[in-house]
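The values are calculated or read from the model by the stated rules, or taken from the named source; none is laboratory data. Computed from a prediction, not measured in an experiment: that's the story for all the values here. Backbone-built Cβ (ideal geometry, glycine too); neighbour counts: all protein chains shown.
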């Protein structure tokens, strides 16, 4: 694919140096539908980035777009603080009837500021209020957002270094597999909690991702999650599942923890909860833990009524069991394609990671993922990298992407891998480490 340099003058002149994705994918986009995007030159791209997980149903799904347009044409209130609106009522009813009740779940819904990191902050506040304790246990490889509390729970040093202040009140524990296959990390955690000589105090909460979307696509097994949940319950520690990136169908079930059969005390949702790329975030809270008072965690934009309309329309998809079956078929197809792809590149140490439709490829050469991502873009495919060193290629097509479209995307990816593998590895520059703005293209926080 021949790519003409786009005119990015206005962005370069006016936009902050903190911008990231546009550096990796230097195009000016004008249109998007499903898993495809088009730039101002009319070039078509396959989007296996999906808004970093905010577009599980693809760009502009017609049924959702129609609901949003109808609401706007009827002069429905767009901004509503936390006032009662028909849009909010419709969303709450659909969430209860389509998602919560069929799964036997009883949660209150706390609407937070419309970002994942704000949902995490609200969950931490709630757990601290309920327990009277301060610290949170978080895991190696975890990513929970970039505001100070959520950032403290996040693991990547590059992100943490931007805080400018000490980050505290978090105890880091090893995620499953972090210390090798022979190390039982739940056993390690419980030993540290139960030993009065460990120096680890009983925490206010444990926060975990079932799939570490920014942590190299590491996956917690169902058994590990069950043991973690049991350990938390036996010690009176609220368990928070950060399902911001892995939830809303990304793993094949609406919640990523369903396979494990656990019931978290709090669940953080954002990204694809609106289903249309509209800002929205919430925390599901067990009723007895709903102890923050009015105004103790508020936000001007926690009543995004357009997002409520879109979210309710997306939940209609889940009302039909065939939708979830289709997502699981797509996930199985993607797994087969990536397994076959890895078999073609055994010389590169290519290994699939992740599960469902949140997947990755790791390579022996940790710098290869970055080169593959750029080569893929040259061929019209958007895929990003994951991990503290950007060492894993991340593959997240919309969950509604069918077998034929997945096969075409993976074929393009295979061509990009072959091309990138032929490139000489970049030599380390003799000058000092690059400034943060230059390093930002290697990794991006998504909350």
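For the reader, a short list of remarks on this structure follows.
- For segment 279-310, residues that are modelled with pLDDT of 95 or more, part of a strand (DSSP E or B) and closer than 30 Å to residue 62 by Cα total 3.
- Between 353, 371, 389, the distinction of being in a strand (DSSP E or B), in the same structural domain as residue 46 (by TED's automatic domain parsing) and over 21 Å from residue 29 (Cα atoms) belongs to 353 only.
- Cβ-Cβ contacts under 9 Å between residues 6 or more apart (or on different chains), taken from a first residue in segment 381-392 that is surrounded by fewer than 22 Cβ atoms within 10 Å (Cβ to Cβ) to a second residue that is assigned to a strand (DSSP E or B) and at pLDDT 95 or above, are listed as 391/362; 391/385.
- Positions within segment 222-251 being over 18 Å from the mean Cα position of the chain (by Cα) and assigned to a loop (DSSP other than H, G, I, E, B), in sequence order: 235, 236, 237, 238
- Here 247, 261 are screened, and the one residue that is more than 19 Å from residue 133 (Cα to Cα), surrounded by fewer than 19 Cβ atoms within 10 Å (Cβ to Cβ) and modelled with pLDDT of 95 or more is 261.
- Output for segment 10-21, where each listed residue is assigned to a helix (DSSP H, G or I) and at pLDDT 90 or above: 10, 11, 12, 13, 14
- Residue in segment 26-46 that is part of a helix (DSSP H, G or I), under 21 Å from residue 317 (Cα atoms) and free of Cβ contacts under 8 Å to residues at least 24 places away in the same chain present: no
- Any hit, segment 109-117, residues being outside the structural domain of residue 294 (by TED's automatic domain parsing), out of contact with any strand residue (DSSP E or B) (no Cβ under 7 Å at 6 or more places or on another chain) and part of a helix (DSSP H, G or I): no
- Residue match in segment 159-172 (condition: at pLDDT 95 or above, over 16 Å from residue 117 (Cβ atoms), assigned to a loop (DSSP other than H, G, I, E, B) and touching a helix residue (DSSP H, G or I) at 6+ places or on another chain (Cβ under 6 Å)): no
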